[in-house]
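Enquirer: Structure incoming, see below.
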């Protein structure tokens, strides 16, 4: 049922734990070595950049393999196929089978563990299947409705998730289920009205189910997937209650093409959600030491401010940026000073060494190009300076 | 999988002592929650927002009283930031210097950003540099690169190099590389020369151990600039062979460097740039020999070479002789 070696996955977890104990000076070098020997794993887990490389070049190779395949099939039996769509469907199916074999071969023989190449092959298999059902349905030039496509995709997505526990496919499965729920609700007038609440209940319910599943040791295989899905649930829960999303979504679903989308029912309630949910996330994140909740809470808070500004002009944008920036600097300085010594288990100390200082510096270098130069038409920087680039659209 | 079962196992098989088990358990049950990176990111974000907000405000209501207050605030903030950075400064060393003050780096960054705003404003309002527009970007370039060495700040170095590039008329940051107008041959050659110059400086810093942790910034910015410019030259201009040689030697340098430093980023960049240039070169030559390269051949070529690169990446440790 499960494609990756589960014992190795467990051993990997132990090895990683041991590594952090080693960093904290809790176990010695020799002990670390003997732990790694006692709990061996032989996964091929390359560095991030290698994974990117494997993904890119693997994808190009797959693409050309598909075109070789279609050249062959189109050449041999184009006339027997009846229609072109039919031929494409057959090619997609064959392509999917070959890629599936390649995927299984890679995992079994190269022992990849989400090494870019196996991720890529898995996505390609699923895309092949998608094109298969797409072109089968195109046969009589009658498209299925979206709900049917979702139902047709769901089984393969669920099977793939159970077998490979891959995060992108897992998220796609989750979104597919969500799409089915939403599309069914849309069939009823009442469904449209209560859609935001349905989405929030769906998100909350799935979060609750995840909490139960997470505790089951037998489902250790899906640990990373569960944690990624948790992020999806929390984001979905917030977006379901966000005033801007609800108001614009309402206008879109009811085909109201007004300059300004009309006010919605229960507006105060959604304003409450818009601001209460991020605060709740940040508080819970700090209390439960849950980094995902904390980060999503902060991001959501930023989006909430954007939401509010969208409908109420409190101050012009430059002032908002200045004030917001100032407050952010103030908050972080105070927090850093306060958390120099750990408080309630929360600290500013870096517990893991940073390996990304170099890339951080490149990102910082972009800032100099972000200084806006709106009213400097008669003022020329050197030709290449595209000042204001990072902040464009805001002014 | 529970921590205590793992520890039970480890203690049971005598890998760790039972005292260690208790200590690890104590640490694991009350883990510290570090929000180091979150707070740093928030601070960076705040600095960006503040400086871009002020940078727009300074041009608004130019003739009002409030305006001069804003200019004064920016100037004071800028000098205060530089002052703070100077106050917390560590002694200069050719090695990497870690500043124990958590804010010194950020203050320097804020100071630099506000300096650009202030300088631009002074030029706009008082025409300080007259028509010598070059000075407007050259000054921050020199200042920032100097500060980068003085305060040991990689971010400011990369800002300085960005300013240096825009002094000669180039955009150097990765997402703006393609916005350069490389159909202009002079600009293109300038880009290649500047890029190679930066790579050389990076190499020298490493060779003579003078701030060798700056090498990455030089290599990354310079290497990408040269590579993109030479690719543009290879595709569009005469004298393809020269551009081809430039990019191939750069790609080989990248892979060699990656091999020495075990840097996968430079390995990946070297392979990508090298592969594009090689494939382009091959097809150009084949096209000139016979105009009938079949679709099937090119399809097979890309399939086989990309699959080959995948195998190369998988076997990289054996091929480049890296230990695990």
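Enquirer: Could you put A:101, A:195, B:320 in order, starting from the residue whose Cβ has the fewest other Cβ atoms within 10 Å? Working shown, then result.
Expert: Values: A:101 12, A:195 19, B:320 15.
Ordered from fewest to most neighbouring Cβ atoms within 10 Å, A:101, A:195, B:320 come out as A:101, B:320, A:195.
Enquirer: Label points 7 Å out from Cα along the Cβ direction at residue B:17 and residue A:72: separation in nm?
Expert: 6.5 nm
Enquirer: Now for a different question. As a footprinting exposure proxy, order B:2, A:111 by other Cβ within 10 Å, with the fewest listed first.
Expert: So the ranking, lowest neighbour count to highest, is B:2, A:111.
Enquirer: Quote to one decimal, in nm, the extra length available between residue A:276 and residue A:217 on full extension: 0.36 nm per residue of separation minus the C-alpha distance between them. Intermediate values should be presented prior to the final figure.
Expert: Working: separation 59, 0.36 × 59 = 21.24 nm, distance 3.39 nm.
Extra length from residue A:276 to residue A:217 when fully extended: 17.8 nm.
Enquirer: Separate question: How would you rank B:105, B:63, A:23, going from fewest to most other Cβ atoms within 10 Å of each one's own Cβ? Present the calculation step by step, with values, prior to reporting the outcome.
Expert: On the way: B:105 21, B:63 6, A:23 13.
Sorted ascending by nearby Cβ count, the order is B:63, A:23, B:105.
Enquirer: Distance between Cα centroids, the range B:19-65 to the range B:216-258: provide it in whole Å.
Expert: One Cα centre to the other: 37 Å.
Enquirer: Compute a Gaussian network model of chain A, connecting alpha carbons closer than 10 Å, and tell me which residue from A:60, A:194, A:329 fluctuates the most.
Expert: The residue that fluctuates most here is A:329.
Enquirer: Explain nothing, just the number: relative contact order of the range B:168-324, from Cα pairs under 8 Å at least 6 residues apart, as a whole percent. Intermediate results must be reported in sequence, preceding the final value.
Expert: Details: 141 pairs, mean separation 23.1, N = 157.
This gives 15 percent for the range B:168-324.
Enquirer: At 7 Å along Cα-to-Cβ for each site, give me the label-to-label distance between residue B:87 and residue B:178 in nm.
Expert: In this crude spin-label approximation the distance works out to 4.6 nm.
Enquirer: While we're looking at this one, here's another question. How high is the relative contact order of chain B, given as a whole-number percent (alpha carbon pairs under 8 Å, six or more residues apart)?
Expert: Details: 286 pairs, mean separation 28.1, N = 324.
Value for chain B: 9 percent.
Enquirer: Looking only at other chains, what is the average number of their beta-carbon atoms within 10 angstrom of each beta-carbon in B:167-175? Numbers along the way, then the final one.
Expert: Values: counts 4, 3, 5, 4, 7, 4, 10, 4, 4.
Per residue, the average neighbour count from other chains is 5.
Enquirer: Counting helices only, and only those DSSP H runs with n ≥ 4, report the 222 nm mean residue ellipticity of chain B as the sum of -39,500 (n - 2.57) divided by its residues, in deg cm²/dmol to the nearest 500.
Expert: Details: 13 runs with 240 residues, N = 324.
For chain B, the value works out to -25000 deg cm²/dmol.
Enquirer: So for the range A:97-204, what are the equivalent ellipsoid semi-axes in whole Å, largest first, each being the square root of 5 times an eigenvalue of the Cα gyration tensor? Let's see the in-between values first.
Expert: Values: eigenvalues 193, 77, 11 Å².
The three semi-axes for the range A:97-204 are 31, 20, 7 Å.
Enquirer: Within the range B:195-237, name every residue whose backbone N is under 19 Å away from a label modeled 7 Å from Cα of residue B:252 along the Cβ vector.
Expert: B:196-197, B:199-200, B:203, B:223-224, B:226-228, B:230-231, B:234
Enquirer: On to the next question. Once you wrap a convex hull around the alpha carbon atoms of the protein assembly as shown, what is its projected area averaged over all directions, in nm²? Numbers along the way, then the final one.
Expert: Working: hull surface 149.8 nm².
Average of the hull's projected areas for the protein assembly as shown equals 37.5 nm².
Enquirer: Looking only at B:185, B:60, B:20, which one moves most when chain B is put into a Gaussian network model with springs between Cα atoms under 10 Å?
Expert: Top of the fluctuation ranking is B:20.
Enquirer: Provide the three semi-axes, in whole Å and in decreasing order, of the ellipsoid equivalent to the range B:168-324 as defined by the square roots of 5 times the Cα gyration tensor eigenvalues.
Expert: On the way: eigenvalues 152, 111, 25 Å².
Taking √(5λ) for each eigenvalue gives 28, 24, 11 Å, largest first.
Enquirer: With a Förster radius of 51 Å, plug the Cβ-Cβ distance of residue A:291 and residue B:279 into 1/(1 + (r/R0)^6) and report the FRET value to the nearest 0.05. All intermediate terms of the calculation are to be shown ahead of the outcome.
Expert: Working: r = 43 Å, r/R0 = 0.84.
Efficiency for this residue pair is about 0.75.
Enquirer: Please compute the average number of Cβ atoms from other chains found within 10 Å of each residue's Cβ in peptide A:24-33.
Expert: Values: counts 4, 0, 8, 7, 2, 0, 1, 5, 1, 1.
The per-residue average across the peptide is 3.
Enquirer: Within the range B:24-56, what residues put their amide N at less than 17 Å from the label point 7 Å along the Cα-to-Cβ vector of residue A:28?
Expert: B:24
Enquirer: What is the spin-label model distance, in nm, from residue A:248 to residue A:37 if the labels are put 7 Å beyond Cα along the C-beta direction?
Expert: Result: 6.0 nm between the two label points.
Enquirer: Shielding of A:282-292 by partners, i.e. mean partner chain Cβ atoms within 10 Å per residue? Write down the numbers at each step before the final one.
Expert: Details: counts 0, 0, 0, 3, 2, 1, 1, 6, 1, 5, 0.
Neighbouring Cβ atoms belonging to other protein chains average 2 per residue here.
Enquirer: Then there's this: Report the Stokes-Einstein translational diffusion coefficient (µm² s⁻¹, integer) for chain A, Rh taken as the Kirkwood radius over Cα pairs, at 37 °C with viscosity 0.692 mPa s.
Expert: Details: Rh = 25.7 Å.
The Stokes-Einstein estimate is 128 µm²/s.
Enquirer: If you don't mind, there's one more thing I want to ask. To the nearest 0.05, how large is the calculated FRET efficiency for residue B:80 and residue A:351 if R₀ is 22 Å and r is the Cβ-Cβ distance?
Expert: In this case the efficiency is close to 0.10.
Enquirer: Quick check: Cα centre of the range A:1-62 to Cα centre of the range A:104-138, how many Å?
Expert: Between the Cα centre of the range A:1-62 and that of the range A:104-138, the gap is 23 Å.
Enquirer: With every atom except the alpha carbons ignored, what do you get for Rg and Dmax of the range B:35-136, in angstroms?
Expert: 16.0, 49
Enquirer: Now for a separate question. What residue among A:176, A:62, A:232 shows peak mean-square fluctuation when chain A is described by a Gaussian network model with Cα springs under 10 Å?
Expert: Result: A:62 has the largest fluctuation of those listed.
Enquirer: Cα centroids of the range B:112-166 and the range A:293-358: how far apart, whole angstrom?
Expert: The range B:112-166 and the range A:293-358 have Cα centres spaced 28 Å from each other.
Enquirer: Any idea what the relative contact order of chain A is, in percent, if you count C-alpha pairs under 8 Å spaced at least 6 apart? Let's see the in-between values first.
Expert: On the way: 327 pairs, mean separation 36.6, N = 395.
The normalised contact order for chain A reaches 9 percent.
Enquirer: Okay, helix-only estimate at 222 nm for chain A: each DSSP H run of n ≥ 4 adds -39500 (n - 2.57), divide by all residues, round to 500 deg cm²/dmol; what do you get?
Expert: Values: 14 runs with 271 residues, N = 395.
Helix-only estimate at 222 nm: -23500 deg cm²/dmol.
No lab work stands behind these numbers, since they all come straight from the coordinates. These figures come from a predicted structure and were not determined experimentally. Glycine also receives a Cβ, built like all others from the backbone with ideal geometry; neighbour counts cover every protein chain displayed.
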